[in-house]
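Peer 1: Below is one structure. I have some questions about it.
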Amino acid sequence: MDSRYLRSLIVVIDRGSIAEAARVEQLTAAAISQRINALEREFGFDLLSRIGHSAKPTQACLSILPRARRIVKEFDLLAGDNDPTGLSGTLKLGAISTALTGLLPSAMRLLAKDAPGIKLEIIPGASKFLYEAVMSDELDAAIIAAPPFALPKLIKASSLRKEALVFLSKNRPDAGLAEMLCQRPYLRYLPETWGGRHAAAFLQDHGLASTPMCDLDALETIAMLVADDVGVSLVPHWSNLERLAQSCCLTPIEDDRYQRELILISKVQTTRPSMIAALADALPSLD
């Protein structure tokens, strides 16, 4: 049995569709399907229930999934067993979208220079999804927005960056922020997200009622829509914002209560301590 086939099965289950797994694995959907079919022939039972564009694990698949995850994880560790530094092998890293383009590029350059034996497998996603993936050992580490609760003791966290809340508009808000929020369509950073809750708290604390034109959990998209003068927004000042909003006006909210904090999390007990330490050293840190 090829461990890559088991890995593809796990990615399909984690991402919810063969098409999404193909994108993550940089393969065609047909290639992913062939791998799943090969596993089903070997096991002698169906692994996936295909409904429309989604793919869900069968009950039989769920029964073998924990062991399949362990097999893939142990296989990944083989590459580093002969390296006394512990800096060889695959590190599965989750990252929110703004970290992918803001914090990671410089860190990846440093790792390529100082720890070339580390192969990063980067999984994009929302903070809550990535946190749960670290908790369930599906990821070794993740860069996320700090959650609205105290982290459990089994999680280690390093503070990477604090991002002030800014009012993002096409033109300077000479009429005042409150007036602009009432007069212009509001592009709301989804308040249920761990990063979006700060903008929602600011509006509530200041009695600013604004009916959103739409809710988005995509800061890059919000910046581009504001640049096209579709509306205004309240967003964290992430490290790559100016590149997307060159023609926009950024008005800082001078209150630390509404900052978004980015953190690197991992399990305290991990099979890749040296790799995670190298990653933490390569990332900018406030700790």
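Peer 1: Does Ile144 meet the test of being under 30 Å from Asp228 (Cβ atoms), outside any loop (DSSP other than H, G, I, E, B) and at pLDDT 95 or above?
Peer 2: So Ile144 passes the test.
Peer 1: Filter the strands (runs of 3 or more DSSP E) completely within the range 17-114 down to those with at least 1 residues that are in contact with a strand residue (DSSP E or B) (Cβ under 7 Å, 6 or more places away or on another chain) and surrounded by fewer than 17 Cβ atoms within 10 Å (Cβ to Cβ). First the steps, then the outcome.
Peer 2: Details: elements: 48-51, 54-57, 89-95.
Ranges flagged: 48-51, 54-57.
Peer 1: Scan (1) surrounded by 16 or more Cβ atoms within 10 Å (Cβ to Cβ); (2) more than 25 Å from Trp194 (Cα to Cα); (3) of a type in the set (Ser, Thr, Tyr) for the single condition Ser247 breaks and write down its number.
Peer 2: Of (1) surrounded by 16 or more Cβ atoms within 10 Å (Cβ to Cβ); (2) more than 25 Å from Trp194 (Cα to Cα); (3) of a type in the set (Ser, Thr, Tyr), only one is false for Ser247: (1).
Peer 1: Then there's this: Every residue in the range 156-176 that is surrounded by fewer than 17 Cβ atoms within 10 Å (Cβ to Cβ) and either in contact (Cβ under 8 Å) with a residue 60 or more places away in the chain or not aliphatic (A, V, I, L, M) (or both), please.
Peer 2: Passing the criteria: Ala157, Ser159, Lys162, Ala164, Asn171, Arg172, Asp174, Gly176.
Peer 1: Restricting to the range 1-43, name every residue that is in contact (Cβ under 8 Å) with a residue 60 or more places away in the chain and acidic (Asp, Glu).
Peer 2: Of everything in the range 1-43, just one residue is in contact (Cβ under 8 Å) with a residue 60 or more places away in the chain and acidic (Asp, Glu), namely Asp14.
Peer 1: Taking the condition under 19 Å from the mean Cα position of the chain (by Cα), surrounded by 13 or more Cβ atoms within 10 Å (Cβ to Cβ), without any contact (Cβ under 8 Å) to a residue 40 or more places away in the chain and not in a strand (DSSP E or B), does Leu139 pass? Write out each step before concluding.
Peer 2: Working: under 19 Å from the mean Cα position of the chain (by Cα): yes; surrounded by 13 or more Cβ atoms within 10 Å (Cβ to Cβ): yes; without any contact (Cβ under 8 Å) to a residue 40 or more places away in the chain: no; not in a strand (DSSP E or B): yes.
No, not satisfied.
The values are calculated or read from the model by the stated rules, or taken from the named source; none is laboratory data. None of these values were measured; they are calculated from a predicted model. Note that we place each Cβ from the backbone using ideal geometry, even for glycine, and neighbour counts take in every protein chain shown.
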